[in-house]
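Quick note: the coordinates plus some simple rules give every number you see, no bench work behind them. Values in this document were obtained by computation on a predicted structure and should not be read as measured data. Cβ sites come from the backbone with ideal geometry, for glycine too, and all protein chains shown count toward neighbours.
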Ligand SMILES: Nc1ncnc2c1ncn2[C@@H]1O[C@H](COP(=O)(O)OP(=O)(O)OP(=O)(O)O)[C@@H](O)[C@H]1O
Ligand SMILES: [Mg+2]
């Protein structure tokens, strides 16, 4: 696959799935074949048939227009405990295998024009022992997009993540500011300019999106939001956008 991205976040719950869904919807609506994968999902609910349901992967698959793709391909490793993957796996007496996770990423992205891999939590969350999502990005040659949840604490989390990516020699495509609240508080209002000063311009700012219902109309709504917020063609074809990260 030509362009594969790891979507990481400043923390858990900052909007990785929401932002990835919007980007994937926009890419799909433009006619790109979108690869989507959430290789490891924890905190899965138990379905009626005893199967663990990966809510993020289900939403991502819908957004990318890949409803016919088997869920096992999009999310092969699922765990019940809402913990970091290495810990959730250990709780079930399982040890994830790094090369199996990397192979799953590669096979889910192989036949795509552009592919998005959602991590779990932030970049240094352990998948297996000391092997983190940053290591997965390196192993699979993924460019990193950082979703910054626009709330108090974002300045610290964003800088730590960006500096770490740079010093590790990984490729940072840019960061996206995600709006977590319908009405912005003081931190959310001031973060955007401060992040610009500290890190450089973002790839874009995703507004508050509200509820996502998995309908065709809602996919188009998400696509339109992503199109206004981000340079989707640049992201899908040149692997970048208008935001640049200053050294
Ligand atoms: N732009 C947005 N507009 C409206 N709600 C949002 C937005 N971004 C995130 N949310 C809400 O915030 C919560 C966390 O978002 P999301 O699940 O996308 O985060 P995440 O980073 O993928 O979390 P996880 O680490 O669990 O994978 C969800 O309830 C989601 O609906
Ligand atoms: Mg998520």
Expressed as a rounded percentage, what relative contact order does the chain have, with Cα pairs under 8 Å and six or more residues apart? 26 percent
Arranged by the count of other C-beta atoms within 10 angstrom, fewest first, what order do 117, 194 take? 194, 117
How far apart, in nm, are the 7 Å Cα→Cβ label points at residue 237 and residue 208? 3.5 nm
Alpha carbon centroid spacing (whole Å) that separates segment 1-33 from segment 133-189: 13 Å
Candidates 216, 49, 193: whichever shows maximal mean-square fluctuation once the chain is modelled as a Gaussian network with Cα springs under 10 Å: 49
Taking other Cβ within 10 Å of each residue's Cβ, how do 29, 75 sort, fewest first? 29, 75
Provide the gained length on full extension for the span residue 139 to residue 196, in nm with one decimal, where the gain is 0.36 nm per separating residue minus the Cα-Cα distance. 17.5 nm
Diffusion constant of the chain at 10 °C, which comes from Stokes-Einstein with the Kirkwood Cα-pair radius and 1.306 mPa s, µm²/s: 89 µm²/s
Residue with peak Gaussian network fluctuation, the chain [Cα springs, cutoff 10 Å], from 141, 200, 47: 47
Out of 50, 174, 31, any idea which swings most in a Gaussian network model of the chain, alpha carbons joined below 10 Å? 50
What ranking of 164, 62 emerges when the number of other C-beta atoms within 10 Å of each C-beta is taken as an exposure proxy, fewest first? 164, 62
If r is the Cβ-Cβ distance from residue 94 to residue 171 and R0 is 35 Å, what FRET efficiency results, to the nearest 0.05? 0.70
Along the principal axes of its C-alpha atoms, what lengths does segment 15-85 span, in descending order and rounded to whole Å? 36, 24, 16
Using DSSP, restrict attention to beta bridges with both residues in the chain and report what percent are antiparallel, rounded to the nearest 5. 15 percent
